[in-house]
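Before any comments, here is the structure.
The values are calculated or read from the model by the stated rules, or taken from the named source; none is laboratory data. Quick caveat: nothing in here was measured; it's all calculated off a predicted structure. Here the Cβ is made from the backbone with ideal geometry for all residues, glycine too, and neighbour counts use every protein chain on show.
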Amino acid sequence: MSAPVRRRRRASPLWEPGLIPAPGQLLDWRDARHFDRWQNRPCVLCKQPTPMRSHHGEPVHKTCAETWISANLTEARLGRFASDTQPKRARDNDDHA
């Protein structure tokens, strides 16, 4: 009898991703959780070592992710790579004048 086939589920994000940038736009990865200061791992796209991690924990260079988004428009909408969520601005403190 053969072993049951396990389906690989898409890993849930380690923290809440924000918007997916338009092709040619830059990812906003300001959160320190994108940087693994302990270990470089091969980028899932170019195979070169990187300390950067996506919201799903994938090792990936930010520039590789941006290039991938531009080349894979339909698949990019599924949210493999996304920007960080932006904090909401308080409308009370919006006085710049």
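Does segment 47-68 contain at least one residue that is in contact (Cβ under 8 Å) with a residue 40 or more places away in the chain and farther than 16 Å from Pro13 by Cβ?
Yes; the residues of segment 47-68 include at least one that is in contact (Cβ under 8 Å) with a residue 40 or more places away in the chain and farther than 16 Å from Pro13 by Cβ.
Counting only residues that are in a helix (DSSP H, G or I) and not polar (S, T, N, Q), which one in segment 39-67 is farthest from Leu19 (Cα to Cα)?
Among them, the one singled out is Cys64.
Inspect all residues belonging to segment 40-61 and state whether any of them is out of contact with any strand residue (DSSP E or B) (no Cβ under 8 Å at 6 or more places or on another chain), of a type in the set (A, V, I, L, M, F, W, C) and more than 17 Å from Gln25 (Cβ to Cβ).
Checked segment 40-61: at least one residue is out of contact with any strand residue (DSSP E or B) (no Cβ under 8 Å at 6 or more places or on another chain), of a type in the set (A, V, I, L, M, F, W, C) and more than 17 Å from Gln25 (Cβ to Cβ).
Filter segment 68-97 for residues that are among the small types (Gly, Ala, Ser) and part of a loop (DSSP other than H, G, I, E, B); which is modelled with the lowest pLDDT?
So the residue we want is Ala97.
Could you please give the count of residues in segment 27-51 that are surrounded by 13 or more Cβ atoms within 10 Å (Cβ to Cβ) and either among the hydrophobic types (A, V, I, L, M, F, W, C) or modelled with pLDDT under 90 (or both)?
The total comes to 6.
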